[in-house]
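Novice: Before we start, here is the structure in question, set down as structure tokens.
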Amino acid sequence: MDDPKRLYECMLDYCSATRKIERIGIGQVWTVCQTKKLGKYYSGLAMSPAVAVRTLKWSGELSGKSLKDVARGILEWEPFQATVAMSVLNCSINNNRYIPEGQLLDVKTANANLTVFEHFLPRLKEQKVVVIGHYPGIEPYVEQYGWQVLERMPQLGDLPDTACEFLLPEADWVFLSASAIINKTFPRLAELSRNAKTVLMGPTVPWLPELYEFGIDYLAGVEVYDGEALFRTAIEGGGVRIFETAVRYKLVELTPQSSLDWLKQQISDTCADKEALTMAMNNWYTNGKSQRFPQYEKLNATNVQLSRLDSTYKKLWDNHNGHSFAHLDS
């Protein structure tokens, strides 16, 4: 992958410059951003930093800001700023764009947060499995099947995340916590996992077809069915409890064809946005307005997004119709 910033730029393309933040809560485990439309909350999640801080300079100033303004923090290295930005990006993506129905996963274990592992378990026997991120309750899988868990802050039995350079290229399956997007380790971890079936998982997952370009085979994110309960549970310190009160796991497979279809829909939606904005701009100047078209920046951002979508579609099309169905190298 030539440009590690590409995913972050793609995510920002999807972020609204006009929609406003209704509220943000930074809980002990989850950070939640919500917008409100027609009385309904639209939510985005991100895993909160595992560090303590006494002062955040922007506390009390985020509500009412545009999603785009706050989302730009995803490019920053301060963990709370990047985490809030990730929740904002997910909120915007969940609010604005077509997301495939996917497969809602049945809970087959007492720990609902382990549902993704249970779903894939029949395919993981005798396989080299590496899990990036320590999921509560994962210990029986490690003990019974020999899975290896990499963790930035290792617990008993975990390996340090630096072991990724040795273990990921030889893995058959990699389960990658989407919090790696926040701390900027995602591009390298995805690159190292190219030879494996890779599942990007967790409530932090952004629903984007472009992730196929990074070697991701499955998106295992969440669908929010109760925004009020989600916000309340998160800010009251809830971790895995959000799976009992507000969200459920959803699985989307990123095959070449499904990713092409998804991208085609995204391109169609973005073209419609461009046409509407172009017509509005033409009317603006036709009516004798001398000031700059007020939505010029949005039109420009739409053009940039359309260009990136077209580029991704072309790469995937060439790959799908070439001699190999392997993941893209860019």
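Novice: Which cysteines does the chain leave without a neighbouring Cys Cβ under 4.7 Å?
Specialist: That list is CYS10, CYS15, CYS164, CYS271.
Novice: Roughly speaking, what is the centre-to-centre gap between the range 1-44 and the range 75-133 when only Cα atoms are used, to the nearest Å?
Specialist: 15 Å
Novice: What does the helix-only formula give at 222 nm for the chain: each DSSP H stretch with n ≥ 4 adding -39500 (n - 2.57), the total divided by the residues, and the result rounded to the nearest 500 deg cm²/dmol?
Specialist: -11500 deg cm²/dmol
Novice: What FRET efficiency comes out for VAL142 versus MET279 if R0 is 51 angstrom and r is the Cβ-Cβ distance? Round to the nearest 0.05.
Specialist: So, using R0 = 51 Å, E works out to roughly 0.30.
Novice: Rounded to the nearest 0.05, what FRET efficiency is calculated for LEU38 and ASN303 with R0 set to 30 Å and r the Cβ-Cβ distance?
Specialist: It comes to 0.55.
Novice: Of GLY227, GLY27, GLY157, which has the largest mean-square fluctuation in a 10 Å C-alpha GNM of the chain?
Specialist: Ranking GLY227, GLY27, GLY157 by mean-square fluctuation puts GLY157 first.
Novice: Tell me, which longest segment in the chain has none of the GluC sites (Glu not before Pro) that fall in DSSP loops with at most 14 further Cβ atoms within 10 Å?
Specialist: 127-235
Novice: Work out, step by step, the length gained on full extension between GLN291 and LYS108: first 0.36 nm times the residue separation, then minus their alpha carbon distance; give nm to one decimal.
Specialist: The GLN291-LYS108 span can extend by a further 59.9 nm.
Novice: Given a 10 angstrom Cα cut-off, can you work out which residue in ARG123, ARG241, ARG72 is the most mobile in a GNM of the chain?
Specialist: ARG123
Novice: Separate question: If amide hydrogens are placed 1.01 Å from N in the peptide plane, which non-local residues have theirs closer than 5 Å to the one on SER16?
Specialist: For SER16, whose amide H was placed from the backbone, the distant partners under 5 Å are LYS68.
Novice: Which of TYR42, TYR296, TYR14 ends up with the largest GNM mean-square fluctuation for the chain, with Cα atoms connected below 10 Å?
Specialist: Top of the fluctuation ranking is TYR296.
No value in this document is a laboratory result; all are computed from the given coordinates. Not measured: the values here are computed from a predicted model. As a convention, Cβ positions derive from the backbone with ideal geometry for all residues, glycine included, and neighbour counts pool all protein chains shown.
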